[in-house]
Amino acid sequence: MTYNPRVSRLGRSYKQAPVDERYDAIVIGSGLGGMTTALLLAQRGKRVAMLERHYVLGGFTHVFRRKGYEWDVGVHYVGEVHRPRSILRQLFDHVTDGELRWAEMGEVYDRIVFGDEEYPLRAGVSAFKEGLREKFPTAAHAKAIDAYVDLVFSAVASSRNYFIEKAMGSLSSWAAGGLLRRKYLRHTRKTTWEVLRSLTDDLRLIGVLTGQYGDYGLPPRQSSFGMHASLVKHYFAGGCYPVGGSARIAQTIVPRIEAAGGVAFTNAEVESLLVEDGTAVGVRMDDGREIRAPLVISNTGVPNTFGRLVPGPERERLGLGGLTQRVQPSASHVSLYIGLDRTAEQLRLPRANYWIYPDEYDHDLSIERFLADESAPLPVAYISFPSAKDPEFESRHPGRATIEVVTLAPWERFERWADRPWKKRGSEYAEYKERLTQRLLEPLLRFEPQVREHIELTELSTPLSTRHFTAYGHGEIYGLSHDPERFEHRFLRPRTPLRGLYLTGQDIVTCGVGGALLSGFLTASAITGENLVMKTLG
C-alpha cells in the first residue's frame, strides 16, 4: 500500500474519527519504535491502535513545514542502509516493504573541524583509516588508529547477545542473561575517554575520533564506550539520507499498519494507563474516554511511562519511581532551521555534515566552560544540509534549499518559560531566541558564506519546543543518557514490572534510527515469543 502525499493524509485525527472501545494492542507514541512494534503485531493478526499526541505521525522521524520549506527534526543521516544485505537495511526493507529508498552522501559524510583545521571522515574502513593517517602520520598514530577500529568492531559484535537478552522471558533471562550480557558490559563499563586514552597520548587524535559525540549527546569522559562504538561503526561505510526526506519513513510504514488492520490516530493524548488487579488493561485519554486492550506498549520513554502514565498507587507498589531516579535524561539542544531562496546546487551546498568545535580538542572542557558561562564559545555547532542530501527535495520545493544548525542547550536556561504556552512565551523569550539565532549563523557563514544573501527564513527550536511535541521532561532528544551506568540497568527492556505493559523505543536499546528500529523488533519478539529479527533476516 503506497502513501501518496498529494492525495492522502497520514493517519486520522482522534477528535474527528470513530474510535473503538477495545483493541488487541495499544501503542502509545508513533516514533520509529512504536510504528515498528505496531506493524509487526498487526502483521500477526492483532488489531492495533497507535495513539500519537502530536498532529503529525513519526516522532523524531517527522518533518515540519513553513512557507514552502520543510526540515527534518531528528533524522539527519543514517548509516549501514546503502548495503542491501546489512541487518539494518533488511529490517527497514521489511517494515517499509522496500519502498523506502536511500541516497548516499558521498565519499565524505562528516567534517570534524577544530579552529582552522578540518578532518574529513571518509566512507569505508580503509578510507576512514587513511584519512586519519594523512592528518596523524606517525607509526604510533597508525597503530592507535588500527587498534581503535578493531575495538569498535569488537564492542559492536559483542552487543548482539546483550540486546537479544532483552527480549527473553524472565526464566530464560535468569538462566542465560549474565553470560549473554558479559562481553558487551566489558566495553560499556568504560568511558570513551578511558578507552581512547589507553590507545594514544595525542589529545588531538582523541578529539577527532570523538568528534561525532553529538550524535549520542555525551562527551568522552562521560559517555560509555559501548555507545560510542555503536555510533562510529554505524557510519564506517558512509552516511545516507531517505529519498523524499525523513517523512518517508512514516509514509512507508503507517499505510502498512492500516493495511494489516491497525489504525493510527493523531491528536490522541493519553492521560494515564488503566490498571486493574495489577494488570494494564488499556488507557484513559485526556478527554476521559477509556480504550481497552490486553496489551499496552509505550513508546514515550521510561520516565514518561513510569513517572506519568502508570497510576500513582501502582507506581508505588512496584517501586517504579525508584527506577526512574536511577537514570538521567540525555542532552537537550537548540536547532536553527534555515530556508534559502536558491537551490542546494546553485549555492554549492555540501552533503557532508560539519562538526565545528573551538580551537582546543577537549570536548569535555568546552562543555564545562559553556555551562559555566553562556557567552563562552559554543562547544559544538553541527550543520546539516538536508536539501543537498535528498535528491527529490527540489521537485517538492523548486528553487529552494534548507540548512540546520544545532548546538547544546542546557534545559535550565529555558526552564523559566516552561509553564507558558507554545508561541506565547513573551518578548524576553523571543529576544533570547534571536540572540541564539545570530550565534548559530556565525559558524555557518564562516564555512558557507555564499548563503548570506539568500537566507529567506529562520526559525529556532529550543528544549521547550522538544518538550511540547514529545513530552520529554527536559526537552531531551536522545531519551536516557548513554553513560556507563545506563547499560547496567536490567529494567531497560520490553517487559515491565506491570503485567500487560511493554516498552519500546530508544530507551530500551540506544538512541538513533537504528536503535529505535531494533527496539520495535525486540518488543514485538518479547510479546509474541518469536525471534522476529532472525525471522526477518531469514
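Figures for the structure shown
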item: Average Cα contact separation per residue, the chain, under 8 Å, 6 or more apart, as relative contact order %; result: 23
item: Within-15-Å neighbourhood charge of Thr191 [Cβ basis; K, R +1; D, E -1]; result: 0
item: Fewest-first ranking of Leu532, Leu365, Leu180, using other Cβ atoms within 10 Å as the exposure measure; result: Leu365, Leu180, Leu532
item: Pairwise label distance in nanometres, Arg22 with Asp419, each label 7 Å out on the Cα-Cβ vector; result: 4.4
item: Inverse of mean 1/r across different Cα pairs in segment 126-237, Kirkwood, Å; result: 14.9
item: Residue exposure sequence - Leu196, Leu185, Leu171 - by fewest surrounding Cβ within 10 Å; result: Leu171, Leu185, Leu196
item: Against the rule of thumb 2.2 N^0.38 Å, how large the Cα Rg of segment 364-415 comes out; result: 1.64
item: Test item: Cα-centred dipole of segment 89-184, Lys/Arg +1 and Asp/Glu -1 on Cβ, debye; result: 620
item: Size descriptor, Kirkwood hydrodynamic radius, that averages inverse alpha-carbon separations across segment 247-312, Å; result: 13.4
item: Dipole magnitude (debye, nearest 20) for segment 352-458, charges at Cβ of Lys, Arg, Asp, Glu; result: 560
item: The chain: calculated mean residue ellipticity at 222 nm from DSSP helix runs of at least 4, using -39500 (n - 2.57); result: -11000 deg cm²/dmol
item: Net charge contributed by nearby residues that have their C-beta within less than 11 Å of Lys135 (K/R +1, D/E -1); result: -3
item: Share of pairwise Cα separations in segment 1-96, more than 22 Å, in percent; result: 40
item: Volume per residue of the C-alpha convex hull in segment 401-538, rounded to whole Å³; result: 189
item: Along each principal axis, Cα extent of segment 242-357, largest first, Å; result: 64, 42, 23
item: Percentage relative contact order, segment 126-237, counting C-alpha pairs under 8 Å, at least six apart; result: 31
item: Over segment 329-470, volume per residue of the alpha carbon convex hull, in Å³; result: 133
item: Options Phe60, Phe306, Gln325, ranked by Cα towards positive dipole end of the chain, top entry (Cβ charges); result: Phe306
item: Under-5 Å amide H pairs with Tyr109, H placed in peptide plane, nonlocal only; result: Leu121, Ala123
item: DSSP-defined beta bridges in the chain - what % are antiparallel, rounded to 5; result: 70
item: Lys, Arg +1 and Asp, Glu -1 on Cβ, resulting dipole of segment 126-237 about Cα centre, debye, nearest 20; result: 340
item: Relative contact order (%) - criterion: Cα under 8 Å, at least six apart; region: segment 329-470; result: 39
item: Exposure proxy ranking, count of Cβ atoms within 10 Å, fewest first, for Asp362, Asp507, Asp97; result: Asp97, Asp362, Asp507
item: For segment 279-292, Karplus couplings with θ = phi - 60° (6.51, -1.76, 1.60), whole Hz, Gly/Pro x; result: 9, 6, 10, x, 9, 10, 7, 5, 8, x, 5, 10, 10, 10
item: Phi-based couplings in Hz for segment 381-396 (Karplus 6.51, -1.76, 1.60; Gly and Pro marked x); result: 10, 9, 10, 10, 10, x, 5, 7, 7, 9, x, 9, 4, 5, 5, 8
item: Reduced Cα scattering model of the chain, Debye log10 I(q)/I(0), q = 0.12 Å⁻¹; result: -1.19
item: Using alpha carbons only: equivalent-ellipsoid semi-axes of segment 460-508, gyration tensor based, whole Å; result: 25, 15, 7
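Only the coordinates and a few stated rules stand behind these numbers; no lab work does. If you're wondering where the values come from, they're calculated on a predicted model, not measured in any experiment. Please note: Cβ atoms are built from the backbone with ideal geometry, for glycine as well, and neighbour counts cover all protein chains shown.
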